[in-house]
Amino acid sequence: MEFLQSIDKDLFLFLNGMHNAFFDSFMYWMSDRFVWVPMYVGIILLLVWRYKMRGVWMVLFLVAAIALCDQTASHLLKNLVQRLRPSQEPSLAGLVRISKAGPGGLFGFASSHAANSSGLAIFLYFALDNRLKIMKYGLLIWAVLVSYSRIYNGVHYPGDVLAGWIIGLAYGYLMAKAYLIFDASRLKREKLQSNKVAK
């Protein structure tokens, strides 16, 4: 375990040390939750406009997926593992480059940014049809950039981000499959009801 933690710290210091003026600003905004509120609203409106009632159900399952990701990463694992963020680690004092957003909370395992963004991207990757392929791949790239920004900004180790992605992959995929099963069952019931009315 100490060997893995040592590799994690070394990789963090390497990635965190690769700074330039453009990415200092870019990665700060990538990490800002409120910057992405218009995108979230846009996704909700698009789903409801394109899929109607199916879109409403899709949004509800998506919200459930993100809630599971957030609760697992932010509340369960951070309090259970209690691994200090690199920005809070005394042995790394003076070695970590921290963005103007600050050092963050005390504990960092697992990254809720990585869990939530990957959970959203993975859910929509499996739930959306292939006519929205550009959106699906765009969201995956966005989730990777959000996750990397947490290392760049000095508040998460790569291991924290990887754990966040595992959480996001698990809940995003499971909730997408649950939605697809639910949607197929709902459409089947509606078809049976319309056939009865027609008779």
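The values are calculated or read from the model by the stated rules, or taken from the named source; none is laboratory data. It should be emphasised that the depicted structure is a prediction, and the values quoted were computed from it without experimental measurement. Here Cβ is always computed from backbone atoms with ideal geometry, including for glycine, and neighbour counts include all displayed protein chains. For accessibility, only protein heavy atoms count, side chains too; no ligands or nucleic acids. Shrake-Rupley method; radii C 1.70, N 1.55, O 1.52, S 1.80 Å.
Applying the set (1) part of a loop (DSSP other than H, G, I, E, B); (2) touching a residue at least 60 places away in the same chain (Cβ under 8 Å) to residue 87 leaves exactly one unmet item: (1). Residues of the stretch 182-192 include none that is assigned to a loop (DSSP other than H, G, I, E, B), at pLDDT 95 or above and over 18 Å from residue 36 (Cβ atoms).
Might you check whether a residue that is β-branched (Val, Ile, Thr) and open to solvent by 40 Å² or more (accessible area, probe 1.4 Å) occurs anywhere in the stretch 106-124? Spell out the reasoning first.
Here is the first cut: in the stretch 106-124, the residues β-branched (Val, Ile, Thr) are 122.
Retained after the next criterion (residues that are open to solvent by 40 Å² or more (accessible area, probe 1.4 Å)): none.
Within the stretch 106-124, none of the residues are β-branched (Val, Ile, Thr) and open to solvent by 40 Å² or more (accessible area, probe 1.4 Å).
Of all the listed residues (129, 160), the sole one being open to solvent by 30 Å² or more (accessible area, probe 1.4 Å) and among the acidic types (Asp, Glu) is 129.
The set of residues in the stretch 29-72 that are in contact with a helix residue (DSSP H, G or I) (Cβ under 9 Å, 6 or more places away or on another chain), more than 23 Å from residue 169 (Cα to Cα) and not aliphatic (A, V, I, L, M) comprises 29, 49, 50, 51.
Screening residue 18 on (1) open to solvent by 90 Å² or more (accessible area, probe 1.4 Å); (2) out of contact with any Gly (no Cβ under 8 Å at 6 or more places or on another chain); (3) in a helix (DSSP H, G or I) shows it passes everything except condition (3).
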